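*Asks:* Structure provided below as structure tokens; questions to follow.
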Amino acid sequence: MLLIFLKLFAWLPLPLLHAVAHPLGWLLYGLQTRQRYYTETNLALCFPELSETERRRLTRGSLIETVKVLLEYPLLFLGRRNRVLNLVKEVSGESLLKDGLARGKGVIALVPHLGNWEVTNLYTSRHYPITSMYRPQRHPGMDTIFKQGRERFGAQLVPSNNKGMRDLLRSLQQGKLIGALPDQNPGAGTGVFVPFFGVNTYTPVFAGRLANRTGASVVMVVAERLPWGRGFRIKFSPASESINCPDNNEAATSINRDLQKIIRANPMQYWWSYNRFRTRPEGEPPIYRSK
């Protein structure tokens, strides 16, 4: 029944989905939801220079963009192939990816949670062999939809564990492309505390380690939404060279600096409703209040 409903939902035009997201985003804001709390807390930490009015406007806009991500899933994972691919209207900087692959040492594509990160996976997997880590969904039915949707254009998903890390390393050693999310909370012992918008943030280190070990090129990739539901703009940009530094702290700091630059260019489309700062250094009080 769930699959039938989602398939029907996948037929809806993107402008209509985005129009529906506006009242739902306002609802998330008006009901004092957890998503609003995380968004407000994160924006207060990361943009202290903004006025209260500016942060409220950014909070509401960000929640609307978050709803758009959710409403886009059925279309991206279950919609007709040509329709999904045609959602990408503009691409810039793709030569960075092609040149990196031509070097023969592989490419690490870092995809922050901005716009719709699933679009970047579908686009790249349609044109290049790509291996990415995957964390299963709690609901078995949704897990099947997500996994099949992400693999529909040829992507290979590997588990987010030691075996998955070995698979990513093997892909790079074969000169292939791997994808990773650089702004998730990593597991215990797999990150370091470095600044992110001035906040000491637990940050993954595996991308820097892989780049240092293999000599792979590293690119940042985002799929920004275009106005009025017209589709997406994919932008490739070079990561700073210091990402392949053998020092984990310096490499992670480099990633966060690159992320900040990308996010500041389009802060409303970033995933501020994620509890990014939940892991704190030993002895430091929590940032988020408990439920």
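*Asks:* So what's the back-of-envelope 222 nm ellipticity for the chain, counting only DSSP H runs of four-plus at -39500 (n - 2.57) apiece and dividing by all residues, rounded to 500?
*Replies:* Only helices count here, giving -15000 deg cm²/dmol.
*Asks:* Residues with amide H under 5 Å of residue 177's amide H, sequence separation 5 or more or different chain, H placed in the peptide plane at 1.01 Å from N; which?
*Replies:* Distant-sequence amide H within range of residue 177: 107, 131.
*Asks:* Determine the principal axes of the Cα atoms in segment 183-270, then give the extent along each, sorted from largest to smallest and rounded to whole angstroms.
*Replies:* The Cα atoms of segment 183-270 stretch 43, 28, 20 Å along the principal axes, largest first.
*Asks:* Answer with a single label: of (i) 21.7, 71; (ii) 18.7, 52; (iii) 19.2, 56, which was calculated as Rg and Dmax of the Cα atoms in Å from the structure in view?
*Replies:* Looking at Rg and Dmax of the Cα atoms in Å for this model, the match is (ii).
*Asks:* Still on this structure, I have one more. Counting only DSSP beta bridges with both residues in the chain, what percent are antiparallel, rounded to the nearest 5? Intermediate values should be presented prior to the final figure.
*Replies:* Working: 14 of 34 bridges.
Rounded to the nearest five, the antiparallel share is 40 percent.
*Asks:* List every residue whose amide H lies under 5 Å from the amide H of residue 160, counting only residues 5 or more places away in sequence or on a different chain, with H placed 1.01 Å from N in the peptide plane.
*Replies:* 134
Any read-out appearing in this document is the output of simple, stated calculations on the displayed coordinates, not a laboratory observation. Owing to the predicted nature of the structure, the values given are computational and were not obtained by experimental measurement.
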